[in-house]
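*Asks:* Please find one structure pasted underneath; my questions will follow.
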Amino acid sequence: MQKMSITMIAILLFVQILSNGFAQIPNTSDEETLEVDFEMPLQTSSKDNSSGNNTGGNNTGGNNTGGNNTGGNNTGSNNTGGNNTGGNNTGTHNDAHCLIVNNLTINSTYYVTIDLENTCSKDINYPGINATADHSGVSGFSNQTSWWYVIWDNGTYNMSWQLSFDSSVQNGTNITLDFEAAILSCGVNGTWHDCPSSNNSSLSYQFQYVTLPESIVIHSASLNSNNDRITLRYSSVNYSGTVNWEYNSTNGTSTSSSYIDSYTRTTYIYPSTFGIIQICGTIGNSATDCVSVNRVSRIVEGQLISPSNNSQYYTNYLYVTFSANNYSAGVITLNGVNYNNSEYSFEPTYENGTGMNNSNYFVIYIPYGDSTICLELTGEDGTHLSDCIDVERITPPHSVLITYPATGTSFTGQQLNLSYVLENSTSHYLTVDGTTIPVSNNFSNTASITVGFGTHNICVVSYDMANQMDSDCVTVNMIDPNVDSDSDGLPDHSDLCPNTPPNHSVNLDGCSTSQLDSDGDGVTDNVDICPATQQFSTVNYVGCSASQRDSDGDGVMDNLDICPSTPANSVVDLYGCASTQIDSDNDGIVDSSDLCPSTIVGSQVNANGCAPSQLDSDSDGIFDSFDLCPATITGTVVDQTGCPYSAGGNSSGNNNGSTSSGSSSGGGLPSIGVVGTIAAIAIGFIFTIRREEE
């Protein structure tokens, strides 16, 4: 108790120390907090236009170089971001100084190209070029000024024209072309010109017009992303009309035509071959230009992604996912037939094209049983790809059972009423001896049919959801009510024994005694001399069992007679045995010949069944088994050993004249004789008891 008190005191002290220790931790959530210094960046107000900063525009340095707006304050113009928004490009406060024209080219067919460039680091809205020629017979500058929506900062916009010359322009005429950069609604009162102010904002070009012969120029030829179409861009010189195109294909040379003039036009060719394809265009004066395109076939790719092969389903629909690339034609097949479904469509698609070049899926409806789904793709070069899977829609259990009649039943007449049960059947029909009989109602489970007389095989044949067949059959006998096949006077429909032998008398059921077995012993009544044999008894050929027979005529039935061959007229015991068949003492001599009926078991007997213990051969009153003098003369007085008394009271113990060494005191049996007798009696008694037990 004292130790426990000390322990409790120690624990209390330890808790007190801990609580005091926790009490010393400062609480930073109260008045004392940690001081953290953050260096905040300086923020510039978006409204501060100090030092010439345009609000939001921030024209670097405030100086619009080239515009010479010293001080940089475009106050009132507000060219926010330099975008000329709202058309405020009037006066000197605009971005026109940023636009120049550059890189003028004119080819032999008088196709003109020029670049409109933005030299500033800001976007310019609605720039354009005013293009003119100093001769009225020159055309091609449509609407004179061509506008563009926007040129980004430091960007370039390329513009082009195809010049045409009418008959007023003579060979050798000098032509001057003028090009001037412009901004829409730049000038005073909304005019467009004179605003660009750089030294390079205008450009002039002079050339001598020389009449050119008719010619065709193919500017470009390119394959589309689907690799099945060539786009041609072309024009002509001094010719307007039809251009004839000729190109090679798998079937030889193919031709087509299109319109051509001095403007750049476009036409399309759909080749059906691969490799180097040469395309030539010819115009009226047989002027020709050719171009070559290398069309390389791509490898068709595709596969069914899901469902997995050999999968099973209970529903009638499933989602099929697949991928397909570089094909010119494709189809999904179900069990070898093209499966049409509005949820998908195969348009030619390739690696760089659009369409079904990624995973796609759709719903497909499958029948019961096994089905095969295939993705069939044809490549652009005619190669074929096929990927197939097998699926199974599990079929519900299917069965058919005829419930009436039972097979083997006989009916009078030709009309048969049939009842049957169908499970998960889609259709069924009946057969009579293999001949089909349609049913009027596939949902009915009964039928009444005319089958004719005789024996017939009736079947119900049914098909399940997967068109698998099952059937059940019965055999019936249709009896003609007027037929007596065995001529026994009883018609077949009432005759229980239809094959009665001729001229035999029959009972009310049409059966003769030769067809009946009243006691069921397997022997017909006409030969059965024991008509009431007990059921299941074994009988002989005349229908008698052992309990009904006395084969030896001794008055004891065979089933009780243990002596089945007793001589005639013999007196027998309860077991059917005569004295001539019994050996009561088991000495090997039957009772009728045994003069000694109670011989001890195991004794040796003579022909009359007597043992030595039962005989007195010399008639001296001593049984042979104890008689030491077996040939005593008749009338001789003998002692217990069967020997005559000798003089002096001694009897001779044997026939050789020897004398007994002892005196006879009253004629007692020799000791050896008593012992032997007792032993013989004991042995006999034992054998008798054992015999009785057996």
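The values are calculated or read from the model by the stated rules, or taken from the named source; none is laboratory data. From a predicted model like this one, the values you see are computed outputs, not experimental measurements. Cβ: placed from backbone, ideal geometry, glycine included. Neighbour counts: every protein chain shown.
*Asks:* Within segment 266-274, identify whether any single residue is within 25 Å of residue 110 (Cβ to Cβ), at pLDDT below 90 and more than 54 Å from the chain's Cα centre (by Cα), and answer yes or no.
*Replies:* So far as segment 266-274 goes, no, none of its residues is within 25 Å of residue 110 (Cβ to Cβ), at pLDDT below 90 and more than 54 Å from the chain's Cα centre (by Cα).
*Asks:* Checking residue 441 against (1) surrounded by 12 or more Cβ atoms within 10 Å (Cβ to Cβ); (2) farther than 30 Å from residue 483 by Cβ; (3) not basic (Lys, Arg), only one condition comes out false. Which one?
*Replies:* (1)
For (1) loosely packed, with under 14 Cβ neighbours inside 10 Å; (2) at pLDDT below 90; (3) not in a strand (DSSP E or B), each residue gets a yes or a no:
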| residue | (1), (2), (3) |
| --- | --- |
| 299 | yes, yes, yes |
| 305 | no, no, no |
| 308 | yes, no, yes |
| 318 | no, no, no |
| 344 | no, yes, yes |
| 351 | yes, yes, yes |
| 355 | no, yes, yes |
| 370 | no, no, no |
| 375 | no, no, no |
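Okay, residues lined up against (1) closer than 30 Å to residue 516 by Cβ; (2) in contact with a Ser or Thr (Cβ under 9 Å, 6 or more places away or on another chain); (3) surrounded by 17 or more Cβ atoms within 10 Å (Cβ to Cβ):
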{"residue": "548", "(1), (2), (3)": "yes, yes, yes"}
{"residue": "557", "(1), (2), (3)": "yes, yes, no"}
{"residue": "561", "(1), (2), (3)": "no, yes, yes"}
{"residue": "571", "(1), (2), (3)": "no, yes, no"}
{"residue": "586", "(1), (2), (3)": "no, yes, no"}
{"residue": "592", "(1), (2), (3)": "no, yes, no"}
{"residue": "601", "(1), (2), (3)": "no, yes, yes"}
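*Asks:* Right, next: Name every residue in segment 221-237 that is outside any strand (DSSP E or B) and surrounded by fewer than 20 Cβ atoms within 10 Å (Cβ to Cβ), in order of residue number.
*Replies:* Within segment 221-237, 224, 225, 226, 228, 229 qualify.
*Asks:* Just to be sure before I move on: is residue 280 out of contact with any helix residue (DSSP H, G or I) (no Cβ under 9 Å at 6 or more places or on another chain), surrounded by 15 or more Cβ atoms within 10 Å (Cβ to Cβ) and either free of Cβ contacts under 8 Å to residues at least 24 places away in the same chain or not in a loop (DSSP other than H, G, I, E, B) (or both) in the structure I sent?
*Replies:* So residue 280 fits the description; yes.
For (1) within 26 Å of residue 380 (Cα to Cα); (2) assigned to a strand (DSSP E or B); (3) in the same structural domain as residue 290 (by TED's automatic domain parsing), each residue gets a yes or a no:
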| residue | (1), (2), (3) |
| --- | --- |
| 195 | no, no, no |
| 219 | no, yes, yes |
| 239 | no, no, yes |
| 245 | yes, yes, yes |
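*Asks:* Within segment 506-552, which residues are farther than 30 Å from residue 486 by Cα and small (Gly, Ala, Ser)?
*Replies:* 537, 545, 546, 547, 551
*Asks:* A further question follows. Exactly one of (1) assigned to a loop (DSSP other than H, G, I, E, B); (2) at pLDDT below 50; (3) in contact with a helix residue (DSSP H, G or I) (Cβ under 9 Å, 6 or more places away or on another chain) is unmet by residue 592. Its number?
*Replies:* Result: residue 592 passes all but (2).
*Asks:* Does segment 494-513 hold any residues that are surrounded by 16 or more Cβ atoms within 10 Å (Cβ to Cβ) and either in contact with a Pro (Cβ under 6 Å, 6 or more places away or on another chain) or modelled with pLDDT of 80 or more (or both), and which are they?
*Replies:* 497, 498, 500, 506, 510, 511, 512
*Asks:* Which residue pairs have Cβ atoms under 9 Å apart, sit 6 or more places apart or on different chains, and have a first residue in segment 300-317 that is farther than 14 Å from residue 366 by Cβ and a second that is at pLDDT below 90 and of a type in the set (D, E, K, R)?
*Replies:* If the second residue must be at pLDDT below 90 and of a type in the set (D, E, K, R), the pairs left are 300/380; 300/381; 301/351.
*Asks:* Name every residue in segment 573-584 that is small (Gly, Ala, Ser) and surrounded by 19 or more Cβ atoms within 10 Å (Cβ to Cβ), in order of residue number.
*Replies:* 576, 578 - these are the residues of segment 573-584 that are small (Gly, Ala, Ser) and surrounded by 19 or more Cβ atoms within 10 Å (Cβ to Cβ).
*Asks:* Which residues, taken from segment 479-523, are within 30 Å of residue 421 (Cα to Cα) and either in a loop (DSSP other than H, G, I, E, B) or in contact with a Gly (Cβ under 6 Å, 6 or more places away or on another chain) (or both)?
*Replies:* Once the filter is applied, which keeps residues that are within 30 Å of residue 421 (Cα to Cα) and either in a loop (DSSP other than H, G, I, E, B) or in contact with a Gly (Cβ under 6 Å, 6 or more places away or on another chain) (or both), segment 479-523 yields only 480.
*Asks:* So, of the residues in segment 427-468 that are part of a strand (DSSP E or B) and among the small types (Gly, Ala, Ser), which turns out to be farthest from residue 404 (Cα to Cα)?
*Replies:* 427
*Asks:* Still on this structure, please answer the following. Of the conditions (1) closer than 22 Å to residue 99 by Cα; (2) in a loop (DSSP other than H, G, I, E, B); (3) modelled with pLDDT of 85 or more, residue 171 clears all except one; give me its number.
*Replies:* Condition (1) is where residue 171 drops out.
*Asks:* Could you tell me which numbered condition residue 411 fails, if it satisfies all but one of (1) of a type in the set (Phe, Trp, Tyr); (2) more than 37 Å from the chain's Cα centre (by Cα); (3) closer than 30 Å to residue 314 by Cβ?
*Replies:* Among (1) of a type in the set (Phe, Trp, Tyr); (2) more than 37 Å from the chain's Cα centre (by Cα); (3) closer than 30 Å to residue 314 by Cβ, residue 411 violates only (3).
*Asks:* Restricted to segment 414-426, and to residues that are in a strand (DSSP E or B) and over 33 Å from the mean Cα position of the chain (by Cα), which residue is farthest from residue 472 (Cα to Cα)?
*Replies:* So, considering only residues that are in a strand (DSSP E or B) and over 33 Å from the mean Cα position of the chain (by Cα), the one farthest from residue 472 (Cα to Cα) is 415.
*Asks:* Failed condition for residue 458, given (1) farther than 30 Å from residue 548 by Cβ; (2) of a type outside the set (Phe, Trp, Tyr); (3) surrounded by fewer than 12 Cβ atoms within 10 Å (Cβ to Cβ), with all others met?
*Replies:* Going through (1) farther than 30 Å from residue 548 by Cβ; (2) of a type outside the set (Phe, Trp, Tyr); (3) surrounded by fewer than 12 Cβ atoms within 10 Å (Cβ to Cβ) one by one, residue 458 breaks only (3).
*Asks:* While we're here: Out of 361, 365, 313, report the one residue that is loosely packed, with under 14 Cβ neighbours inside 10 Å, of a type in the set (Phe, Trp, Tyr), at pLDDT 90 or above and not assigned by TED's automatic domain parsing to the domain that holds residue 466.
*Replies:* 365
*Asks:* Would you be able to say whether some residue in segment 526-546 is in contact with a helix residue (DSSP H, G or I) (Cβ under 6 Å, 6 or more places away or on another chain), in a loop (DSSP other than H, G, I, E, B), of a type outside the set (Val, Ile, Thr) and closer than 30 Å to residue 488 by Cα?
*Replies:* Checked segment 526-546: at least one residue is in contact with a helix residue (DSSP H, G or I) (Cβ under 6 Å, 6 or more places away or on another chain), in a loop (DSSP other than H, G, I, E, B), of a type outside the set (Val, Ile, Thr) and closer than 30 Å to residue 488 by Cα.
*Asks:* Taking the condition under 30 Å from residue 314 (Cβ atoms), loosely packed, with under 12 Cβ neighbours inside 10 Å and free of Cβ contacts under 8 Å to residues at least 24 places away in the same chain, does residue 487 pass?
*Replies:* no
*Asks:* If you scan segment 192-248, which residues turn out to be over 30 Å from residue 296 (Cα atoms) and charged (D, E, K, R)?
*Replies:* 194, 214
*Asks:* While we're here: Is one or more of the residues making up segment 430-438 surrounded by 12 or more Cβ atoms within 10 Å (Cβ to Cβ), among the acidic types (Asp, Glu) and farther than 29 Å from residue 491 by Cβ?
*Replies:* no
*Asks:* Let me ask something else. If I filter segment 386-407 down to residues being surrounded by 15 or more Cβ atoms within 10 Å (Cβ to Cβ) and within 21 Å of the chain's Cα centre (by Cα), which single residue comes out as farthest from residue 337 (Cα to Cα)?
*Replies:* Of everything passing the filter in segment 386-407, 398 is farthest from residue 337 (Cα to Cα).
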